[in-house]
1. Scanning segment 48-82 for residues that are part of a loop (DSSP other than H, G, I, E, B), within 25 Å of Ala149 (Cβ to Cβ) and charged (D, E, K, R), which turns out least open to solvent (accessible area, probe 1.4 Å)?
2. Scan segment 131-150 for residues that are crowded, with 21+ Cβ neighbours inside 10 Å and among the β-branched types (Val, Ile, Thr) and report the count.
3. Yes or no: Ile166 open to solvent by less than 70 Å² (accessible area, probe 1.4 Å), of a type in the set (Val, Ile, Thr), touching a strand residue (DSSP E or B) at 6+ places or on another chain (Cβ under 6 Å) and modelled with pLDDT of 85 or more?
4. Of all the residues that make up segment 131-170, how many are charged (D, E, K, R) and in a strand (DSSP E or B)?
5. Taking segment 83-130 as the region of interest, how many residues are open to solvent by 20 Å² or more (accessible area, probe 1.4 Å), under 27 Å from Gly143 (Cα atoms), part of a loop (DSSP other than H, G, I, E, B) and charged (D, E, K, R)?
6. Of all residues in segment 26-48, how many are touching a Ser or Thr at 6+ places or on another chain (Cβ under 7 Å) and at pLDDT below 90?
7. List the pairs whose first member sits in segment 166-192 and is under 22 Å from Asn74 (Cβ atoms), whose second member is modelled with pLDDT under 85 and β-branched (Val, Ile, Thr), and whose Cβ atoms are under 8 Å apart, counting only residues at least 6 apart or on separate chains?
Amino acid sequence: MGRGLPLLLLPLALLAAPARAEGGTAAAEEVQIEVLHLPEACSPKSKKGDLLNAHYDGFLASDGSKFYCSRTQNEGHPKWFVLGVGQVIKGLDIAMMNMCPGEKRKVTIPPSLAYGQQGYAQGKIPPNATLIFEIELYAVNKGPRSVEAFNQIDKDGDKKLSELEISQYLKEEFARDGKKRHPSAHDEILADIFKKNDHDGDGFISAKEYNVYQHDEL
């Protein structure tokens, strides 16, 4: 997801499609959570802003048909996303709070917290569909927009990120994940970061501009 880079996490194409609650019933609908496995050591527990790594399968509650499987996407790698900031449907943001690494859950999400009356044709999700997800969480890390992450990239400690600093960060991430990329990928991603985050156009990304809680789309 997002080319594997924490700084560049993008909304999941399927699971982040907008959900709009219709009518006045949404407040009464809740996510149902069934814990299938809870490891003895349950720490740290996930919270808003954490970077999670998980596999999940999605099913239609109406007939049990599978509409999504993360194990068949991205060469079977678990998905990385930031919790609670709109990178997945609202129901999953709710369902995956307070999970710990190694935990498995089966969750049922009402239409108002998924794709509502409009459904999601591209994902083969009909209107007013209740969804079931089976989730296995592998890792809970500090979010990519945490203070710790910002300070890690901000090598000179001036509280703003330069192109040179982010370029170096990208090179380190590329080396860490070991994935093959086209030589132009580095420059394309660097340009995309500044396009989406350098809101005042001064050539730097300030701590405020870096704040994930102000900008859902990373």
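The values are calculated or read from the model by the stated rules, or taken from the named source; none is laboratory data. In this text the structure is predicted, and so the values were computed from the model without any measurement. Methodologically, a virtual Cβ is constructed for each residue, glycine included, from the backbone with ideal geometry; neighbour enumeration extends over all protein chains shown. Each accessible area value is taken on the protein alone, full model and side chains, heavy atoms only, with ligands, DNA and RNA left out. Shrake-Rupley method; radii C 1.70, N 1.55, O 1.52, S 1.80 Å.
1. Asp50
2. The total comes to 2.
3. Details: open to solvent by less than 70 Å² (accessible area, probe 1.4 Å): yes; of a type in the set (Val, Ile, Thr): yes; touching a strand residue (DSSP E or B) at 6+ places or on another chain (Cβ under 6 Å): no; modelled with pLDDT of 85 or more: yes.
Spelling it out, it is not the case that Ile166 is open to solvent by less than 70 Å² (accessible area, probe 1.4 Å), of a type in the set (Val, Ile, Thr), touching a strand residue (DSSP E or B) at 6+ places or on another chain (Cβ under 6 Å) and modelled with pLDDT of 85 or more.
4. 3
5. Of the residues in segment 83-130, 0 are open to solvent by 20 Å² or more (accessible area, probe 1.4 Å), under 27 Å from Gly143 (Cα atoms), part of a loop (DSSP other than H, G, I, E, B) and charged (D, E, K, R).
6. Result for segment 26-48: 2.
7. Close Cβ pairs satisfying both conditions: Leu170/Ile189.
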